[in-house]
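Note sheet for the following structure.
The values are calculated or read from the model by the stated rules, or taken from the named source; none is laboratory data. Remember, predicted model here, so these are calculated numbers, not experimental data. Virtual Cβ from ideal backbone geometry, glycine too; neighbours counted across all protein chains shown. Areas reflect the complete protein model, heavy atoms only, side chains present, ligands, DNA and RNA absent. Shrake-Rupley method; radii C 1.70, N 1.55, O 1.52, S 1.80 Å.
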Amino acid sequence: MELFPNASRPSKVGDPNWFTGKVWQDPILAAPAPSRNRSIRERYELGARTAWHSHPLGQTVYIVAGIGLIGTRDAPPQILRPGDTVWIPPGQEHWHGATLGSTLDHISIRETETGFATTWMGHVSDEEYQITPD
Ligand code: MN
């Protein structure tokens, strides 16, 4: 087994090509083969969010703290609260992030396909982000 003590792997800031605003990324697991698990914790500042993207084998998002949003192409963004779990199926285009009034802390669990866990697209515009959820 392998134990990774807390803070033994430094936090990184999300690539501005794929995120709007500051997102702190803490690795949980990039498991060796045959596992393809890729899990990270991400903490978003107010208003920060991913770009549009999809995951070849899907994604589980678990909300740890704060209030978040998740948006898809075919519906207004939905609110995410601590303890919520979201399953995003393979290939579904979406984004996730904090609200304007709260940070967001979530755990992301994915699997790689041919080495990749995410396919990135364009940034989420302010208009797409600021649609008021029901
Ligand atoms: Mn995602």
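Taking the Cα centre of the stretch 14-74 as origin and assigning +1 to Lys and Arg Cβ atoms and -1 to Asp and Glu Cβ atoms, the resulting dipole is close to 80 debye. Relative to one another, the C-alpha centroids of the stretch 87-134 and the stretch 1-69 are positioned 11 Å apart. GNM, the chain, Cα, under 10 Å: largest mean-square fluctuation among 105, 74, 26? Of 105, 74, 26, the Gaussian network model singles out 74 as fluctuating most.
Farthest towards the positive end of the charge dipole of the chain, among the residues 124, 80, 25, is the Cα of 25, using unit charges on the Cβ of Lys, Arg, Asp and Glu. Rounded, prolate or oblate: which one fits the stretch 95-134, using the alpha carbon gyration tensor with axes a ≥ b ≥ c (rounded when a/c is under 1.5, else prolate when a/b beats b/c, else oblate)? Oblate. The value of relative contact order for the stretch 32-102, using C-alpha pairs under 8 Å at least six residues apart, is 43 percent. Net charge dipole, the chain: roughly 400 debye, given to the nearest 20, about the Cα centre with Cβ charges of +1 for Lys and Arg and -1 for Asp and Glu. Summed over qualifying helices (DSSP H, 4 residues or more, each -39500 (n - 2.57)) and divided by its residue number, the chain shows a 222 nm mean residue ellipticity of -500 deg cm²/dmol.
Here the dipole of the stretch 82-133 is about 120 debye; that uses its Cα centre as origin and unit charges on the Cβ of Lys and Arg (positive) and Asp and Glu (negative). Shape of the stretch 9-134 from the C-alpha gyration tensor: prolate (a/c of 1.5 or more and a/b above b/c, with a ≥ b ≥ c the square roots of its eigenvalues).
Taking Cβ atoms as reference points and 13 Å as the exclusive limit, the residues near residue 32 contribute a net charge of +1, counting Lys and Arg as +1 and Asp and Glu as -1.
Our summary gives the chain a relative contact order of 29 percent, counting only alpha carbon pairs under 8 angstrom and 6 or more residues apart.
With the whole protein complex present, residue 22 retains an accessible surface near 90 Å², based on a 1.4 Å probe. Each label point was placed 7 Å from the Cα along the Cα-to-Cβ direction; for residue 102 and residue 9 their separation is 2.8 nm.
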